[in-house]
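Structure first, commentary second.
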Amino acid sequence: MRKLVYYIASTLDGHIAGPDGADPTGPGGFWPLPEDYLRHLIAEYPETLPGPARQAMGITAAGTRFDTVLEGRHSYDIGLKVGVTDAYPHLRHLVFSRTLSESPDPAVEIVSGDPVAKVRELKQQDGKDLWLVGGGELAGALYPEIDQLIVKLAPLTIGTGIPLFGRSAVFDPRSWELTDHTVLGSGALFLTYTRTSADQSA
């Protein structure tokens, strides 16, 4: 069965963006992208790079991990504000929103219903794993369905901002096993955690 993977960049103090939710790696952002970090993304996770970046860098690799990306409305809005209606044209792209009445792009699917029910439906379909790109509110809503965390941990603290699972996540302790890790010379870590089998059966 397909897994739901929350593949996300986080600061050392557990934030995925600043308080305003803007793209921290965009113009004027505070999140550095060292050369070894970009090389690792290109080599191991090429499908997670946005279409414009893939085109600019000449990346055509399909990738082996994901064929579907799930995104919340606020995260999707970051692209819309700069005229990008589908940041991942090489993936099936679903945006979860109760306020968007129609999709700004024919290739982007709007899901207005229960995120958990939709993810359970997607898990039963054939294909590669499902990439939960964010934002935090959607991650909080899908918290019970996340099978794996891939945290791109930056050597950075920001004091406050949007937490890994948003501001409205419920208290629900879960156990994870570290199943892979990569340490880069720039100080960034790629940490893969898989939900323990005991936790999944609970």
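The values are calculated or read from the model by the stated rules, or taken from the named source; none is laboratory data. If you're wondering where the values come from, they're calculated on a predicted model, not measured in any experiment. We place every Cβ from the backbone using ideal geometry, glycine too, and count neighbours over all the protein chains shown. Note: areas computed on protein heavy atoms with side chains; ligands, DNA, RNA excluded. Shrake-Rupley method; radii C 1.70, N 1.55, O 1.52, S 1.80 Å.
Computed values, structure above
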| read-out | value |
| --- | --- |
| Solvent exposure ordering (accessible area, 1.4 Å, most first) of Y193, Y6, Y143 | Y193, Y143, Y6 |
| Exposed-loop-free span, longest in the chain, where trypsin sites (Lys or Arg not before Pro) count as exposed if DSSP calls them loop and at most 12 other C-beta atoms lie within 10 Å | 1-80 |
| Loop-resident sites, region 62-111, for GluC sites (Glu not before Pro), counting at most 13 other Cβ within 10 Å (DSSP) | E102 |
| Potential lengthening between S168 and A107 on full extension [0.36 nm per residue; Cα-Cα distance subtracted] | 19.0 nm |
| Computed E for I42/L189 - FRET, C-beta separation, R0 30 angstrom, nearest 0.05 | 0.95 |
| Solution diffusion estimate, µm²/s, Stokes-Einstein, region 122-181, Kirkwood Rh from C-alpha pairs, 10 °C, viscosity 1.306 mPa s | 117 |
| Accessible area of the chain belonging to carbon and sulfur atoms, whole % at 1.4 Å probe | 54 |
| Residue-by-residue Karplus 3J(HN,Hα) for region 22-28, coefficients 6.51, -1.76, 1.60, Hz, glycine and proline x | 6, 5, x, 9, x, x, x |
| Residues of region 17-146: accessible area per residue with a 1.4 Å probe, Å² | 50 |
| In nm, spacing of pseudo-spin labels at T99 and T157 (7 Å Cα→C-beta vector) | 3.3 |
| When region 146-202 is reduced to its Cα atoms, the Kirkwood hydrodynamic radius in Å | 13.2 |
| Backbone N under 19 Å from the E121 label point (7 Å along Cα→Cβ), restricted to region 57-94 | 67-73, 92-94 |
| Added length on full extension, which subtracts the Cα-Cα distance from 0.36 nm per residue, D13 to T60 | 13.5 nm |
| Sequence-distant lysines (8 or more away, or on other chains) whose Cα lies within less than 21 Å of K3 | K118, K123, K128, K152 |
| Value of [θ]222 nm, deg cm²/dmol, for the chain, DSSP H segments ≥ 4, -39500 (n - 2.57) each, nearest 500 | -5500 deg cm²/dmol |
